[in-house]
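The values are calculated or read from the model by the stated rules, or taken from the named source; none is laboratory data. Please read all numbers here as calculations on a predicted model, not as lab measurements. With ideal geometry, Cβ positions are generated from the backbone for all residues, glycine too; neighbour counts draw on all protein chains shown.
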């Protein structure tokens, strides 16, 4: 494949000049091998290896001498965060900024599929897309199922002891090339010829006509597009002769299949970069990793500039999917094991905050607060202790996506907590209100047609206008104490007026089901975290391991939680691997899953890595930890003045 670039576009001289312009250093032969190669390849890069910087450097070099006005470079990634990072980095150079405009494309795989394949298909059929979102689809499908005339389906699924609703809420389309039609994957509970399946398909088709779809639906629609327009694939290959896929390890099998059909098999230069050891999804999530990444001949980049050899050694022993010895050449790191018991679990996070303050300069912490990660927020039905992040931070039990009543007040409480930690909370709360507006609109499909709510940044600030009124209500929601129901039901009536001016959603009151799900006041399951921190102590941000992918932290605390099955603790499986007493090659499947999750967490920090485990499970490893250079510190039983 001949690309429209200068023959010396990726020469060593140009690499050094552009790297200097971008403030980068290219010191490893593996880096130059990747930068100079214009053929299809795979790059297996360790965490903190500078992969994104290398990608941006290569793209800027190619853009500098790109000659075609009709052909472009296509850069795809798995998440919006990763995509935005690439866009920001290529925009540093004048040549890289060309990639932000036609004919080039930088975006997520999902956005690419929507833009070029699925949305044109839907528009041609007169379908106006309201939402492409799995959670929103599930909520609407559940209401159709519960309140529609689907008696046979409810009867069939009712015999599955509570598991039947998931068949409805998680149903997706596949494209049947034989018939040329979209069809619902028939569940194992009944066959495709049954009345139950016909009613399930009816729910799916009703939501399709209303423009409410899942992410996987869009890939099925993309398949339909390629089937109906066979010349489109050739046009896409001409448009994008060079395709780079970032974070390739997170590409699902269905995504990979579609991308390979379009760009593989020598049709284009296809370069895939990522770290297979950071793939943390497992088969019980319904997702499968891209089967062909990394290839045996992949370029290996094992040097991490994020952290030093202390954290690098820990990470190397947790490389579950592809063994890799990670050489940490970053700053020297501190390894800490925080032990706790039932009386001191709530003091683990404050103790970590104090620890970070002692080991890391305040100016670093102010710019990059310490992070707390756990495998799960939802405690599930496990009887273990601790079983989730909520055992250390009870306020996180109120996540709006996981409650069946009072989703709005749950979102308000989380926004208040985020705001107290210095995070920007208004936008997240506004997004919840936008979801509420779509829910009410779908709840009255024959009623008033609503206009989608605008982004928060577009709300008018002029006093007396609807935007200003909404901002006033948002301020109250973020600042008032809603422990008791009275202030909640005082503020709530202030929402319909300005929202109706903006969108019309309250023309006709919400149904009782929607009112209970969204607007009901619910009591706190635990008091909000109002820890009074001493001056100079930076509060930690709390989240899941999955949500931390791609991040770099000043300090990271990994909390012990129940494993995915809820039968044992994850770090109890991981600690022998970290200490080298067990080799990951002989670990069980569940222990390897725990190691995959832990790998992502332990490769986030630059200066301080801490684990939190129950003292009973640490006791037998205490001497080995200390010999390996770990500090072993107990969390105090009395409250920590964090």
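Below is a table of values for the structure above.
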read-out	value
Test: residue 612 is assigned by TED's automatic domain parsing to the domain that holds residue 552, at pLDDT 95 or above, within 13 Å of residue 559 (Cα to Cα) and in a helix (DSSP H, G or I)	no
Residue 123 being in a helix (DSSP H, G or I), surrounded by fewer than 20 Cβ atoms within 10 Å (Cβ to Cβ), out of contact with any helix residue (DSSP H, G or I) (no Cβ under 9 Å at 6 or more places or on another chain) and not assigned by TED's automatic domain parsing to the domain that holds residue 269	yes
Residue list for the stretch 238-253, filter: assigned to a helix (DSSP H, G or I), touching a strand residue (DSSP E or B) at 6+ places or on another chain (Cβ under 9 Å) and surrounded by fewer than 22 Cβ atoms within 10 Å (Cβ to Cβ)	239, 253
Test result for residue 642, in a loop (DSSP other than H, G, I, E, B), modelled with pLDDT under 90 and within 22 Å of residue 371 (Cα to Cα)	yes
Any hit, the stretch 347-355, residues being modelled with pLDDT of 90 or more, within 26 Å of residue 575 (Cβ to Cβ) and assigned to a loop (DSSP other than H, G, I, E, B)	no
Check on residue 39, buried (at least 17 other Cβ atoms within 10 Å of the Cβ), closer than 23 Å to residue 259 by Cα and in contact (Cβ under 8 Å) with a residue 40 or more places away in the chain	no
Residue, surrounded by the fewest Cβ atoms within 10 Å (Cβ to Cβ), within the stretch 544-585, restricted to residues that are modelled with pLDDT under 90 and at positive phi	566
Residue count for the stretch 42-58, restricted to those that are crowded, with 23+ Cβ neighbours inside 10 Å, under 25 Å from the mean Cα position of the chain (by Cα) and either under 17 Å from residue 93 (Cα atoms) or not assigned by TED's automatic domain parsing to the domain that holds residue 248 (or both)	3
Residue match in the stretch 195-211 (condition: outside the structural domain of residue 439 (by TED's automatic domain parsing), over 30 Å from residue 230 (Cα atoms) and surrounded by fewer than 17 Cβ atoms within 10 Å (Cβ to Cβ))	yes
Any hit, the stretch 68-85, residues being buried (at least 24 other Cβ atoms within 10 Å of the Cβ) and out of contact with any strand residue (DSSP E or B) (no Cβ under 7 Å at 6 or more places or on another chain)	no
Residue, modelled with the lowest pLDDT, within the stretch 262-279, restricted to residues that are surrounded by fewer than 23 Cβ atoms within 10 Å (Cβ to Cβ) and assigned to a loop (DSSP other than H, G, I, E, B)	265
Lone qualifier among 378, 358, 300 - being part of a strand (DSSP E or B), surrounded by fewer than 20 Cβ atoms within 10 Å (Cβ to Cβ) and on the phi < 0 side of the Ramachandran plot	300
Flag for residue 611 being buried (at least 23 other Cβ atoms within 10 Å of the Cβ) and within 20 Å of residue 341 (Cβ to Cβ)	yes
Boolean, residue 103 is within 30 Å of residue 228 (Cα to Cα), assigned to a helix (DSSP H, G or I), out of contact with any strand residue (DSSP E or B) (no Cβ under 7 Å at 6 or more places or on another chain) and modelled with pLDDT of 95 or more	no
Residues that are assigned to a helix (DSSP H, G or I), touching a helix residue (DSSP H, G or I) at 6+ places or on another chain (Cβ under 8 Å) and closer than 21 Å to residue 245 by Cβ, drawn from the stretch 1-31	31
Complete set of residues in the stretch 571-593 that are part of a helix (DSSP H, G or I) and either touching a residue at least 60 places away in the same chain (Cβ under 8 Å) or within 18 Å of residue 334 (Cα to Cα) (or both)	574, 575, 577, 578, 584, 585, 592, 593
Check on residue 259, part of a strand (DSSP E or B), in contact (Cβ under 8 Å) with a residue 12 or more places away in the chain and surrounded by 18 or more Cβ atoms within 10 Å (Cβ to Cβ)	no
Of all residues in the stretch 617-635 being out of contact with any strand residue (DSSP E or B) (no Cβ under 7 Å at 6 or more places or on another chain) and closer than 22 Å to residue 373 by Cβ, the one that is surrounded by the most Cβ atoms within 10 Å (Cβ to Cβ)	621
Search result, residues across the stretch 84-109 that are in contact (Cβ under 8 Å) with a residue 60 or more places away in the chain, under 24 Å from residue 222 (Cα atoms) and out of contact with any helix residue (DSSP H, G or I) (no Cβ under 6 Å at 6 or more places or on another chain)	103, 105
